[in-house]
Structure formats: structure tokens, C-alpha cells
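Nothing in this text is a laboratory measurement; each read-out follows from the coordinates by a stated rule. Predicted model, so just to flag it, every value in this text is computed and none were measured.
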Amino acid sequence: MTSQQVGHPTYRSSALVMNRVLREASAKHSGVRLLDLRGQLCNDDECPEVLAGTRVYDPTDHPTKPARARLANWALNEMFAKDGA
């Protein structure tokens, strides 16, 4: 889903349900960590075009190169972080 679609009530509702299902499934398996990519690009109300001084989405609503780099760095840090660190 694009950022504009997620802002639409129908898609947002679907996204929230999918996220809930994924959280519930990951909670049943030790060692599984759910990475919240949306939380890195969006706030509670929207997915802004600019976040922390970085343009987030290109004209096709896909993450820009700097936003992808931010996501990659964050994801790698999260995947290899020690629990409790």
C-alpha cells in the first residue's frame, strides 16, 4: 500500500488489522521480532512527505533513496540488537 492509500480509512483499517495479526502471530514464537517499518516513516496520524528533514516519498509514493537508507540502517540495527540493549 502506498502512503496515500494507508491514509484512506478503508486501507488504514486493513493495515491495522494486518498489523494486529502479525503482532499476535509473532508473540506466539520466541525469538521472533516484528519490525515496524511504518513507525519509521509515519506518525500516528499520517505519513508526512518530510520527516526529520528528509523527503520520505518520491512522486510514485515509494520511499526516496535517503528514506530507504534510513530504513535499512534502522532495520539492521533492530535485527542485530541484543535483547534488553
Tell me, what HN-Hα J-couplings in whole Hz come from the Karplus equation 6.51 cos²θ - 1.76 cosθ + 1.60 at θ = phi - 60° for each residue of the range 40-49, using x for Gly and Pro?
8, 10, 9, 10, 5, 9, 7, 10, x, 5
Amide H neighbours of TYR57 under 5 Å, at least 5 residues apart or on other chains, H built in the peptide plane: list them.
THR64
